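The structure appears right after this line, and notes come after that.
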Amino acid sequence: MYKLLDGKECASKIKNAIKNDISKLAKDEMPILGILQIGNLDESNIYVNSKIKVAKELGISSKLIKLEENCSEAKVIEAIEKLSNETTGFIIQLPMQTKKIKNVQKILNLIPSTKDIDGLSEFHLNSNYFKNESFLPATALGIVIMLKQNNIAITNKKIAVIGQSKIVGYPLANYFEQLNNKVARYTIDTPKATIIENDIVIVATGARNCVTSDMIKNDAIIIDVGIHRINGKIYGDVDFDSCKDKVSYITPVPGGVGPMTIISLILNLLKSMTFQEKKYKQIFKNLIKIW
């Protein structure tokens with residue numbers, strides 16, 4: 001019988017742990033979450049508002065700089081400098097809705113490493129997550145935490161990471177390799193026979209039903225990062241109905257990875273405080289066990 005990896009329940013427990021630890025902070029020590037948004041995409045608005053809402057629930061203030069669509073690169077750089085000075089840590093909400101920026105990575109690299117809580121600069125993407133003061137991108141971190149919180153071993157495993165985006169697949173594969181796992185980095189075109197060898201299968205392709213039951217072994221653990229809205233319902237990348245009775249654990253969509261992403265961003269925000277001032281390592285000692 002499979003077990004659902006409940007992201008809502010896991011995120012709720014972490015929220016309580018965060019509330020407990022930040023209650024130890026003085027008023028003038030409270031972190032400030034920064035967000036830079038370029039343009040007015042409906043989906044970006046939803047994501048930004050959700051992040052601000054969760055931060056507020058935890059007593060954390062936010063600073064949002066919203067620039068007009070197709071603003072200049074100079075304006076974006078000015079906003080990055082402002083958020084660098086006025087927040088504890090910040091993100092650039094992607095996609096940046098401007099044709100005037102040709103090199104997105106160059107812009108992401110301008111975020112100071114100790115404040116890059118989305119972990120998307122080259123410094124973090126190519127970091128040793130166990131030796132350097134580094135951030136895993138929030139979705140990738142959320143997956144790691146969910147596995148740990150459910151007492152699922154993440155060492156000495158064969159792990160398939162299908163999809164190699166900088167937000168999920170690429171950094172997550174790096175992280176698991178650094179734990180001495182045998183990690184297979186796959187794309188949507190990977191032959192089915194090679195996926196079935198793996199103990200843990202993480203799917204983040206953006207392609208509906210790209211993983212089916214014939215592609216996984218018995219008692220595999222499936223993490224589905226996909227989001228597809230079809231006729232008012234939400235589905236993942238994995239064919240849940242065909243896979244569920246073959247696996248030991250599987251994430252639902254919605255309610256799996258999604259709720260973990262924002263709470264993991266908040267954890268990265270607090271982690272940034274420990275990078276900037278070592279005294280916070282003691283204050284956040286319980287949270288450090290989580291991240």
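The values are calculated or read from the model by the stated rules, or taken from the named source; none is laboratory data. Just so we're clear, the structure is a prediction, and the values are computed from it rather than from any experiment. With ideal geometry, Cβ positions are generated from the backbone for all residues, glycine too; neighbour counts draw on all protein chains shown. Please note that ligands, DNA and RNA were not included when accessible areas were found on the heavy atoms of the full protein model with its side chains. Shrake-Rupley method; radii C 1.70, N 1.55, O 1.52, S 1.80 Å.
For segment 123-135, what are the residues that are without any contact (Cβ under 8 Å) to a residue 60 or more places away in the chain and either of a type outside the set (S, T, N, Q) or open to solvent by 30 Å² or more (accessible area, probe 1.4 Å) (or both)?
If the condition is that a residue be without any contact (Cβ under 8 Å) to a residue 60 or more places away in the chain and either of a type outside the set (S, T, N, Q) or open to solvent by 30 Å² or more (accessible area, probe 1.4 Å) (or both), then 123, 124, 125, 126, 128, 129, 130, 131, 132 are the ones that fit.
Among the residues of segment 179-190, are any within 24 Å of residue 91 (Cα to Cα) and open to solvent by 20 Å² or more (accessible area, probe 1.4 Å)?
No, that holds for no residue.
Sort through 120, 108 and tell me the only one that's farther than 21 Å from residue 258 by Cα and open to solvent by less than 40 Å² (accessible area, probe 1.4 Å).
108
The rows are residues; the columns are (1) open to solvent by 20 Å² or more (accessible area, probe 1.4 Å); (2) in a helix (DSSP H, G or I).
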residue: 24; (1), (2): yes, no
residue: 28; (1), (2): yes, yes
residue: 34; (1), (2): no, no
residue: 46; (1), (2): yes, yes
residue: 52; (1), (2): yes, yes
residue: 55; (1), (2): no, yes
residue: 59; (1), (2): yes, no
residue: 63; (1), (2): yes, no
residue: 69; (1), (2): yes, no
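Scan segment 19-55 for residues that are in contact (Cβ under 8 Å) with a residue 60 or more places away in the chain, in contact with a Phe, Trp or Tyr (Cβ under 9 Å, 6 or more places away or on another chain) and among the hydrophobic types (A, V, I, L, M, F, W, C) and jot them down.
Matches in segment 19-55: 22, 25, 33.
Can you pull out the residues in segment 89-105 that are touching a Ser or Thr at 6+ places or on another chain (Cβ under 7 Å) and either within 17 Å of residue 167 (Cα to Cα) or open to solvent by less than 30 Å² (accessible area, probe 1.4 Å) (or both)?
Matches in segment 89-105: 89, 93.
Restricting to segment 137-178, give me the number of residues that are among the acidic types (Asp, Glu) and open to solvent by less than 20 Å² (accessible area, probe 1.4 Å).
The number of residues fulfilling the criteria is 0.
Tell me, which residue of segment 234-252 that is of a type outside the set (A, V, I, L, M, F, W, C) and open to solvent by less than 10 Å² (accessible area, probe 1.4 Å) is nearest to residue 199 (Cα to Cα)?
That would be 251.
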